[in-house]
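Accompanying notes for the structure given below.
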Amino acid sequence: MVGKLSGRTRLWLKAVRAEYWLARKLLPKVYSNDALICFNSYAFVDDPDFQRAYQRGARALGDEDWYQWQWRVHVGLWAAAGASRLEGDFVECGVSHGFLSSAIMEYLDWDRLGKTFYLLDTFAGLDPRFISESERESGALVKSEELVRNGMYVDGVDSVRANFAEWSNHRIVVGAVPETLGQVESESIAYLHIDMNCAPPEVAALRYFWPKLTPGAFVLLDDYANRGRDEQRVAMDEVARDLDVSICALPTGQGLLLKPAV
Ligand SMILES: C[S@@+](CC[C@H](N)C(=O)[O-])C[C@H]1O[C@@H](n2cnc3c(N)ncnc32)[C@H](O)[C@@H]1O
């Protein structure tokens, strides 16, 4: 598969990675990647099943793993494995090249489960109609356009269809959340991953799917505890309060929410 990033972006990523490399040199044995420096064990990276899944996820990016988000993927695989034992389908809102969902499908030997994986994205970056005023003012649209241009967000759905072609039980839904939510035909959802990097469609997705979530269902919010994404966190906390649940902030930057069984 050919590379998907512009040359300038590759250089910038090399510079960012140098900081993590330096931390690993200075503090041997720490986990240092993806905005996380941690002294605890990350033995999960040695698990051959994890490695196989991670490598499949990375293949969605092209010729190079420029995400380097092992711990985030570990959390996603854990949630997906739990959800695979429940009744219901899987949904991801914000797919881009398809890293996390490909890793999950590989990990779970997806077609064996008899579930459908719904994959929703504009496949063209943020939709200006569905961002907040303050996101607009802080330059979210300009940033999104830049991310599409430099290859960090996918530009078009064709490469995504090719990436997921090895699995039958999935549906790619092209268009903007919340407009496309009704195209998810399932009435029972066991796993929901929300990763659109802007608050309004994320809030809409959580509110829409909440009544359809199976008791015990796993909801993973990719940006909930990321520094600089306060608007998403505050908005999600408001939804959680209405639903009488709370969200666990993870050191990976993710948020984790379980649909109560009773
Ligand atoms: C950070 S990327 C998702 C990364 C992905 N989860 C992965 O595993 O690599 C965010 C994606 O959200 C999409 N997005 C943003 N706003 C959206 C909206 N209103 N509806 C659908 N997709 C949206 C963008 O097009 C972009 O591809």
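Read-outs: derived from the displayed coordinates by stated rules, not from any lab. What you are looking at is a predicted structure, and each value in this text was computed from that prediction instead of being measured. Quick reminder, even Gly has a Cβ in these numbers, built from the backbone with ideal geometry, and neighbours come from all protein chains shown.
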| message | Can you tell me the length gained on complete extension of the stretch Glu87 to Gln55, counting 0.36 nm per residue apart and subtracting the Cα distance? | response | 8.8 nm
| field | Label-point gap, in nm, between Ser6 and Asp242 - each point 7 angstrom along Cα→Cβ | value | 3.8
| message | Restricting to DSSP H runs of at least four residues, report the calculated mean residue ellipticity at 222 nm for the chain, -39500 (n - 2.57) per run over all residues, nearest 500 deg cm²/dmol. | response | -12000 deg cm²/dmol
| query | What FRET efficiency do you get for Glu146 and Glu166 if R0 is 35 Å and r is their Cβ-Cβ distance, rounded to the nearest 0.05? | reply | 0.65
| request: Report the local net charge at Asn33: Lys and Arg +1, Asp and Glu -1, summed over other residues whose C-beta lies under 11 Å from its C-beta. | output: 0
| note | Percent relative contact order for the chain, counting Cα pairs under 8 Å at least six residues apart, stands at 18
| field | Cα gyration tensor category, rounded, prolate or oblate, for region 111-187 with a/c compared to 1.5 | value | oblate
| Do you know the Lys pair count in the chain for C-alpha distances under 28 Å, with sequence separation 8 or more or different chains? | 8
| Asp155/Arg112 FRET efficiency (R0 35 Å; Cβ-Cβ; nearest 0.05) | 0.60
| remark: With the charge dipole of the chain built from beta-carbon charges (+1 for Lys and Arg, -1 for Asp and Glu) about the Cα centre, the Cα from Val160, Trp69, Gln254 projecting farthest to the positive end belongs to Trp69
| request: Determine the gain in length on full extension of the stretch Ala249-Leu27; use 0.36 nm per residue of separation and subtract their C-alpha separation, reporting nm with one decimal. | output: 77.4 nm
| request: Quote the FRET efficiency, to the nearest 0.05, computed for Ala261 versus Glu185 with a Förster distance R0 of 25 Å and r equal to the Cβ-Cβ distance. | output: 0.50
| Net charge over other residues, Cβ less than 10 angstrom from the Cβ of Asp89 (K, R count +1; D, E count -1) | 0
| request: Mind giving me the nanometre distance, one decimal, between the label points for Lys14 and Gln68, set 7 Å out from Cα along Cα→Cβ? | output: 1.3
